[in-house]
Amino acid sequence: MSITRDEVVHLARLSRLALGQEELDHLAPQLDQIISAVARVQEVAAEGIPPTSHALPLTNVFREDEIVPCLAADVVLSEAPAVEQQRFKVPRILAED
Amino acid sequence: MTTAPPLVPYAEALERYEPAIGLETHVELGTVTKLFCGCPAQFGGEPNTHVCPVCLGLPGSLPVPSRAAIEFTIRIGLALNCSIAEWCRFARKNYFYPDMPKDFQISQYDEPLCTDGWLDVMVDEGDAEPQHVRVGIERVHLEEDTGKSMHVGGATGRIHGADYSLVDYNRAGIPLVEIVTKPITTAGAFAPAVARTYVAELREVVRSLGVSDVRMEEGSLRCDVNTSLAPRGSGVLGTRTETKNVNSLRSVERAVRSEIERQAAVLDAGGTVALETRHFHEDTGITTSGRSKEEAEDYRYFPEPDLVPLAPPREWVEQIRRSLPELPSVRRERLQAEWQLSDADMAALRNADAFDLVAGTVAAGASPAGARKWWLGELSRRANETGAELAGLAITPDQVARVAELVSSGALNDQLARQVIDGVLAGEGTPDEVVAARGLAVVSDDSALTAAVDEAITANPDVADKIRSGKVAAAGVLVGAVMKATRGQADAGKVRQLILEKLT
Ligand SMILES: [Zn+2]
């Protein structure tokens, strides 16, 4: 398992991070090391043990379709970086609605 | 900023290329609450007032799916002839837009709830024979809707040139069902019509299931249209574009057509079609380039660790199947036979958006012929005059049925019935109230009519002479004069009879 410098450039673009050449030189080998370390978990994966996505062997945990009180708007927005017109104000983004 | 791309005329493009289309339709479910929390799922509301720790993704909160949303999705899947998964999971779709406060959207990826179905549609282009097309359904899955971004500072309010965005999370977490077709490769020149007809039929099916109000203008039904072209006979699929922002049935059709014309120009010039998202512009009918599409791997999907798997019990699925209503296509066929309509009559009804209104009027007791006559005649004309939708007129099928009944019982003639409709549309009350208030009733009382007939004869001596000399057809002029004098309240047949008795 290894990660190339080009892949880091691609990830940076997806994450909207402006990484300079020096940062890429610095971060790409580091990320490669981290990925390789995490990949060691694959060594213990054995035949016959199904991969799981949840710690408990449960299915079909549902909720009835009943309203629960919401938070007040001032509480919702209290930790927002900036607020305008009772909305979260964020830097311009790339997606449409 | 958005210069029109070069286009190849449609017919010419079809000579050289075969279009393939695919549709991804998003339907907001009409559950009371959001998908994973108890916030209200209703449209609108003051910004950021329908939110809680779960749909804001606050630390420590955990999602729990609503049983109703799962059931609604299975209803849609069954109505579209899909298989329902015995076991499947939600997946986490990671991205970096602020429209989800969690920085990811809970969706489904490689384990959708419903797979491999179909929807039959009848494509009627008027000048050609109606064509039956079976549209394959690839998958139906459940996900959460995103928040709504408002872009401020840009010239058009759209994203390009926007200085910043304002986000309202009321919509974040509303259950959204995504319905994806298989590629439709055999439609040829009909591709735009197939796309429109499919979305129209899907909308009717979902509406009949009672799981969504499917309003395109309010965004509870949204459509992305994939289009690609391949050289005729090549047997391959070309690179597709995904057109977003297609907000009406007419736009679905125009978007496909315009992409065919544009892609043909790109290919003719020796270029390659870019895999990208494009935006449809209602005003010009063309698409412009959006962002280049992220590949699925860029979203780093993985099974959602905060949720346990879904394993809908078979008896639950069968119970839902048994509760499905009669589907629109089946109902249409049944009523067409009951009403003894030709395919052309049926097409006329549907093109006028009058089918459900006529069905409601017949259900209220009117004859099919009477119901059709009023909705396709007088009421269609009123709707056209005011630019309103037929269903938006201020008269109900029940009221139209009452008008038809008053006519068939002889209490009103057509001319008086039109006055009753005037009154109802003007808000004067029910048909019976309008009849009473305006004093409308057919006059067939002999003495009153005889006086009016005498007056008409005196006022038109030359016409009377013609009738006396055997030109009976001229009686129509006198009938018209009497009808006018009695403000339409005379029984026209009776008037004609009286005139002929006096003059022949
Ligand atoms: Zn919530």
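Go through the stretch A:37-84 and name the GluC sites (Glu not before Pro) that are in a DSSP coil and have 15 or fewer other Cβ atoms within 10 Å of their Cβ.
A:GLU47, A:GLU64, A:GLU66, A:GLU79
In whole percent, how big is the carbon plus sulfur part of the accessible area of the stretch B:326-438, probe 1.4 Å, protein atoms only?
48
For chain A, report the accessible area per residue in Å² (1.4 Å probe, heavy atoms, rounded to an integer).
On a per-residue basis, 75 Å².
How much FRET efficiency would the formula 1/(1 + (r/R0)^6) give for B:GLU428 and B:LEU275, where r is the Cβ-Cβ distance and R0 is 56 Å, rounded to 0.05?
E(calc), rounded to 0.05, equals 0.40.
Could you give each residue of the stretch B:66-82 its phi-based ³J(HN,Hα) in whole Hz, using Karplus coefficients 6.51, -1.76, 1.60 with θ = phi - 60°, and x for Gly or Pro?
7, 4, 4, 5, 5, 4, 4, 5, 5, 4, 5, x, 5, 5, 9, 6, 8
The stretch A:1-21: which residues show an accessible-area loss of 40 Å² or more, assembly versus chain alone, 1.4 Å probe?
A:LEU14, A:ARG16
Can you pull the percent of the stretch B:1-151's accessible area that's carbon plus sulfur, 1.4 Å probe, other chains left in place?
Answer for the stretch B:1-151: carbon and sulfur cover 53 percent of the accessible area.
Can you list the residues of the stretch B:13-51 whose accessible area drops by at least 30 Å² going from the chain on its own to the full set of protein chains, with a 1.4 Å probe?
So the qualifying set is B:VAL32, B:THR33, B:GLY38, B:PRO40, B:PRO47, B:ASN48, B:THR49, B:VAL51.
Heads up, I need the accessible area for B:ASP103: 1.4 angstrom probe, whole protein in place, Å², nearest 10.
70
List the residues of the stretch A:56-72 for which accessible area in the full set of protein chains is at least 20 Å² lower than for the chain on its own; 1.4 Å probe, protein heavy atoms only.
Listed in order, they are A:LEU58, A:THR59, A:ASN60, A:VAL61, A:PHE62, A:ARG63, A:GLU64, A:ASP65, A:ILE67, A:VAL68, A:CYS70, A:LEU71.
Which entries of B:LYS373/B:LYS484; B:LYS373/B:LYS471; B:LYS34/B:LYS148; B:LYS373/B:LYS466; B:LYS102/B:LYS182; B:LYS34/B:LYS93 have Cα-Cα distances beyond 26 Å here?
Table pairs above 26 Å Cα-Cα are B:LYS373/B:LYS471; B:LYS373/B:LYS466; B:LYS102/B:LYS182.
Which of the chymotrypsin sites (Phe, Trp or Tyr not before Pro) found in the stretch B:353-415 are in a DSSP loop and have at most 15 neighbouring Cβ atoms, other than their own, within 10 Å?
none
How much net charge surrounds B:THR361 when only the other residues with a Cβ under 15 Å from the Cβ of B:THR361 are counted, with Lys and Arg +1 and Asp and Glu -1?
-3
Find the cysteines in chain B that fail to meet the 4.7 Å Cβ criterion with every other cysteine, and list them.
That list is B:CYS37, B:CYS39, B:CYS52, B:CYS55, B:CYS88, B:CYS223.
How high is the relative contact order of chain B, in percent, with contacts defined as C-alpha pairs under 8 Å that are six or more residues apart?
14
In Å², nearest 100, what accessible area do chains A and B bury in total when the solvent probe is 1.4 Å?
Chains A and B together bury roughly 4500 Å² of accessible area.
Kindly report the accessible area of the stretch B:331-426 per residue (heavy atoms of protein chains, probe 1.4 Å, no ligands, DNA or RNA), in Å².
48
The values are calculated or read from the model by the stated rules, or taken from the named source; none is laboratory data. None of the values given here were measured: they were computed from a predicted structure. Reconstructed Cβ throughout: ideal geometry from the backbone, glycine too, with neighbour counts over all protein chains shown. Accessible surface areas use protein heavy atoms only, side chains included; no ligands, DNA or RNA. Shrake-Rupley method; radii C 1.70, N 1.55, O 1.52, S 1.80 Å.
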